Every structure is written in structure tokens, then in C-alpha cells.
Amino acid sequence: MEAMHRGPALALTLALVTVAPLAAQSGAPGKDSSSAPPPGTQFVYINSQQLLQATPGAGKAQQQWNQELGTYRSEVQSLAAQVDSLEQAYQRQEAMLSDAAKTRKQQEIQQKRQQLQQRTQQLEQQASQRQQELLQPILNKVRGVIEQIRKERGYTMVFDAAGSGLLAADPKLDITNMVIQRLKASGDSAAGDSAASGGSGGR
């Protein structure tokens, strides 16, 4: 019998492996704030991949994602192994089975295949939703800092160099490093506030 269950099992494996990671490979380093575009510049840009890699908390989110990803893969592999076992047992016994027994075995295998396919689809949806849950707070923080800088310096629009719409740009218009510096400063400030709060609680 054809091992049709391999399709959905492989589909989930590929889907989980190829999901965009929270911390992507960065491009060239951005300019520091001292050489950033002057206030009032109309168009500037950032590299979102580089920002995600440098944002405080992104590494922890990536680690959590990798752990949960392993759980999804393990469940799919276990289900696929069950279908494999049924198929192999059927192939060994097929010559000795009556037509009625063959039909029952084939139905059982087909039912397991359907269960595997349904569970695979569920896990794909869960994986996508969980990645969004982990990534969204980081994205919100990055967007907030970008908007803060845009308003402070009077920039009209901020484009993303990692997106498909920006084909070429002057490196002098790159504010990526300015955003990274602000993100790290806000992360250090939050850590300091937390430590101060913990210290005062002991009095």
C-alpha cells in the first residue's frame, strides 16, 4: 500500500522549519545616532531583521519558540510512526488475510492517516499562532520606538529595507542603529527599574 501519510507529516516538518525565525540574520550595521539623517528629513529607513535580532527579549522568545517547535515535531513524528507500524504489519499479513480482514485493516490504516492529517493541520495553526504570540510584543516595542523617533526628529516616512518594496537607498538615511540604541536603552532602564523595585521591597 502507498504510504500516503508521509505527505502531511513532511508538510508540517517543512512548515515548522521554514517559519521565519524571530531573530533573522542581520544585514550591514546601521549608522550611529551622531550620523543619523538630520531632523526634518522626509524619508528614512530601518532594517527590521536587524532590529528584531537586537531587540531585548528577542533571544528569549526565540529560545521559547524552539522548545515548543520541538514538541510539535515530536507529536507529528509519533503519529507518523504509528501509521508506519500499521502499514508494515498489514504488508506482512496481507497474503494470509481474508478479503474482509483486508478491508478492515485498510480502513483502520486510512482512519489513522486521516487523524494524522487533521492533527498536522491543527499543529500548523497552533505553531503559527504561537509564533505570533511570542513575536507580537517585540514588534509592538520596535514599532513604538520607531514612531517615537520619527515624531521627535520630524521624519515623514520610515521604510523597511528588509521588505520587498525598497530596492535601493542611501545608507545615510538608515536609522536602524539609532532605533537599536533606543531599544537597548529602554531595556536597560526596565531592568534597572525592576532591580530597584526588588531592592526597595526588602525594607
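The values are calculated or read from the model by the stated rules, or taken from the named source; none is laboratory data. Values in this document were obtained by computation on a predicted structure and should not be read as measured data. All Cβ positions, glycine included, derive from the backbone under ideal geometry; neighbour counts span all protein chains shown.
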Count of region 54-76 residues which are outside any helix (DSSP H, G or I) and at negative phi: 2
Residues of region 115-158 satisfying the condition of being of a type in the set (Val, Ile, Thr), in a helix (DSSP H, G or I) and over 13 Å from the mean Cα position of the chain (by Cα): THR120, VAL142, VAL145, ILE146, ILE149
Qualifying residue in region 93-112 (condition: under 12 Å from the mean Cα position of the chain (by Cα) and either acidic (Asp, Glu) or within 25 Å of GLY163 (Cβ to Cβ) (or both)): no
Residue tally, condition buried (at least 16 other Cβ atoms within 10 Å of the Cβ) and among the small types (Gly, Ala, Ser), over region 127-185: 3
Among (1) hydrophobic (A, V, I, L, M, F, W, C); (2) in a helix (DSSP H, G or I); (3) under 30 Å from GLY40 (Cα atoms), the one test that ILE109 misses: (3)
Lone unmet requirement of (1) assigned to a helix (DSSP H, G or I); (2) at pLDDT below 90; (3) closer than 16 Å to SER48 by Cβ for SER164: (1)
Tally of residues being over 13 Å from LEU51 (Cβ atoms) and not in a loop (DSSP other than H, G, I, E, B) across region 167-179: 3
